[in-house]
Amino acid sequence: MSNTHTHNEHTCVVGLGWGDEGKGKVVDLLCPHYDFVVRFNGGANAGHTVYVGDEKFALHLLPSGVLHADKQAVVGSGVVVDPIALVDEIEMLSQRGIDIDGRLHISDRAHVVLAYHKTEDLLSESAAGDSGQIGTTSRGIGPCYADKMRRTSAIRMSDLRNWDLLSSRVRAVADMKRRTLSAMSGQNVAIDAEAILSELKPCVERIRPLIGDTMLRLHDASMDGKRFLFEGANGSLLDIDHGTYPYVTSSGTTANNVGNGSGVPARSIANVLGVTKSYATRVGHGPFVTELDNAAGQRIREVGHEYGTTTGRPRRCGWFDAVATTYSVRFGGVTEIALMHLDTLSGFETVGLCTGYRLDGQALRTPPSDCSTLERVEPVFEFVKGWSEDLRSVDSYERLPETARNYIQRIESLVGAPVTIISVGPERTQTIVRNTRVVSAREEAGT
Ligand code: IMP
C-alpha cells in the first residue's frame, strides 16, 4: 500500500512579498476545488480580508477557507495559537451565521500565545530602540516561537486538556517571565497569572473539543483522496530563514514549511501559487528597495486602500520588484502567480518595474543577505506604458488593455513563472483565471 499523497494535487498559496498580497481572496476563490484548508505557520499576525457578497470578513488566525461551510479547516502544528483571539474569531463567525463545530481542527502540537507574550513583544521592541525595532504586529508571535525553541517555557495546545496541570504551568512560566522581563526592561513588569488564567478558562472550555492529532486526520483524508489547500500566512520576504532578516516574522512562510507546520510532507504539494500585488507594499520596518516616498506611492496607498488589516497601519508602497519576487519564486518553488490589484494601477501614464539591483556600481543577481547592504541597493527601474481604462469589470485576459497585458507579460518573463490569476477588484467575480493547475488539476488527474 502506498503511503504517498502526490496524486491529490495539493496546493499551497503563499505571498511573494512582505504580506498583504491578497491571499485571502485567492484562497476564497480556490476553495470550491479543495476539501481541506490548512494553516501551517504564523498566528494572529496574519490579516486575510475576504469579501463574500457585500460582507467583508477579516480573519487573523483561522484559515480564510473556513468561510466555506462545507470545508474542513485545520490549524496545524506550526501555528502559534492565541486562545482568546481564536475564540473571538469563532464567535464573530458564529454571530454572522458561520458555524465551525465539527469542521475546525486544531493541532495538539501547536503552541499557545498568552498575554505575557504580547507584553514581551512590546517590551523587546521598546528595548531595541527606534533604530533596532522590527515593527512587529504586537501579537506575541516572536516571543511564542522563542519559547517553542527554548522548550522549558513553552505551552502547547495539548496542555489545554488538563486544567490543573495547565494552571500550575502558566503560574510557573508567568513568574519566570515577570523576573526576566523586569530585568530586561529595568521596570517592575506586572504579569498576573491569575488574571491570565481567569480570562483563559472559558476559552479553554470552548476550544478543547477542537484539539486533536491533525497530522493523522490529514494523512487519513489524503489517503482517502481529499485535496488540501495550504494557506501560507505573512509573506515569503518575511520568512525567518530567507526573508529580509531581522525584519521578518518568526516562522517559515513558504511551501517549504508545509511539512513541519502541518505534518503533510512538502513533496506532496503539486502546485505552489505565489500571490503578489501589481506593485509592492510593506508594513513595519526594514529595507524596501522600490519604495516610493512621493505622490505615486501616496496614490497607490489611497487607491489600493493600503492600510493594515491587523494593525490599521498605513502600508509603505512602491513599484513592483522583479528581483525580490524572482527570489521568492526561486526559494519557494512557486509554479504559478496570482497578480492582484491590477485595477489599482489604472491611470498612471507609465508603470514602473524594478528589473535589477545595483550596489556600488555593480549589478546584483539576487538580494544581499544583510539588511544594511540591502538598504544601500539602488533599483534599476524600467517604465512601461500605463493604461487609463477602469479594469474593474474586465472579465477576460483578452479584454484587458494591450498595455496591461504587456505589463503582465513583462512580469512573467522577468520572474520566470506564468501569471494564471489576475485580480481587478476585491470581489470574487472581479478575477480573471487562465491556464491554471490550481483549479482544474483534480479533474485532469481524474481523482
Ligand atoms: P511579527 O510577525 O508580529 O513578529 O512581525 C514581524 C514583521 O512581520 C513586522 O514587520 C510585521 O509588520 C510583519 N508581518 C507579520 N505578519 C504580517 C502580515 O500578515 N502582513 C504584513 N506584515 C506582516
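The values are calculated or read from the model by the stated rules, or taken from the named source; none is laboratory data. Source: prediction; values computed, not measured. Here the Cβ positions follow ideal geometry from the backbone for every residue, glycine too, while neighbour counts run over all protein chains shown. Only protein heavy atoms, including side chains, enter the accessible area calculation; ligands, DNA and RNA are left aside. Shrake-Rupley method; radii C 1.70, N 1.55, O 1.52, S 1.80 Å.
Below are the figures for this structure:
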| quantity | calculated |
| --- | --- |
| Any chance GLY347 is assigned to a loop (DSSP other than H, G, I, E, B) and within 16 Å of the ligand (Cβ to nearest atom) | no |
| Residue match in region 257-269 (condition: of a type in the set (A, V, I, L, M), open to solvent by 20 Å² or more (accessible area, probe 1.4 Å) and in the same structural domain as LEU30 (by TED's automatic domain parsing)) | yes |
| Qualifying residue in region 183-196 (condition: under 29 Å from the mean Cα position of the chain (by Cα) and within 26 Å of TRP163 (Cβ to Cβ)) | yes |
| Test for ARG428: is it assigned to a loop (DSSP other than H, G, I, E, B) and either on the phi > 0 side of the Ramachandran plot or open to solvent by 50 Å² or more (accessible area, probe 1.4 Å) (or both) | yes |
| Leading residue by the ranking (farthest from VAL79 (Cα to Cα)) among those in region 114-141 that are open to solvent by less than 30 Å² (accessible area, probe 1.4 Å) and of a type in the set (Gly, Ala, Ser) | GLY129 |
| Region 274-321: number of residues that are among the hydrophobic types (A, V, I, L, M, F, W, C) and more than 15 Å from the ligand (Cβ to nearest atom) | 8 |
| Residue identified as open to solvent by 50 Å² or more (accessible area, probe 1.4 Å) and without any contact (Cβ under 8 Å) to a residue 24 or more places away in the chain among SER182, SER198 | SER198 |
| Among residues of region 40-83, those that are modelled with pLDDT of 95 or more and farther than 20 Å from ARG96 by Cβ, counted | 13 |
| Total residues in region 113-165, condition assigned to a loop (DSSP other than H, G, I, E, B), modelled with pLDDT of 95 or more and farther than 26 Å from ASN188 by Cβ | 2 |
| Hits in region 125-142 - residues which are over 19 Å from GLY47 (Cα atoms) and either near the ligand (Cβ under 10 Å from one of its atoms) or out of contact with any Pro (no Cβ under 9 Å at 6 or more places or on another chain) (or both) | GLU125, SER126, ALA127, ALA128, GLY129, ASP130, SER131, GLN133 |
| Every residue from region 222-254 that is open to solvent by less than 10 Å² (accessible area, probe 1.4 Å) and more than 16 Å from the ligand (Cβ to nearest atom) | SER222, ARG227, PHE228, LEU229 |
| Subset tally (residues that are at pLDDT 95 or above, within 14 Å of the ligand (Cβ to nearest atom) and of a type outside the set (Gly, Ala, Ser)) for region 6-22 | 5 |
| Close pairs (9 angstrom Cβ cut-off, 6 or more residues apart or separate chains): more than 22 Å from SER413 (Cβ to Cβ) in region 358-382, of a type in the set (S, T, N, Q) anywhere | LEU359/THR373; CYS371/THR244; LEU374/THR244 |
| Residue within region 86-109 that is buried (at least 23 other Cβ atoms within 10 Å of the Cβ) and on the phi > 0 side of the Ramachandran plot present | no |
| Cross-chain or 6+ apart pairs with Cβ under 6 Å, region 295-313 first and closer than 20 Å to ALA233 by Cα and among the acidic types (Asp, Glu), then within 11 Å of the ligand (Cβ to nearest atom) and open to solvent by less than 60 Å² (accessible area, probe 1.4 Å) | GLU306/THR281; GLU306/ARG315 |
| Candidate set: region 37-81, residues that are in contact with a Ser or Thr (Cβ under 9 Å, 6 or more places away or on another chain), in contact (Cβ under 8 Å) with a residue 60 or more places away in the chain and more than 16 Å from the ligand (Cβ to nearest atom); chosen: the one most open to solvent (accessible area, probe 1.4 Å) | SER77 |
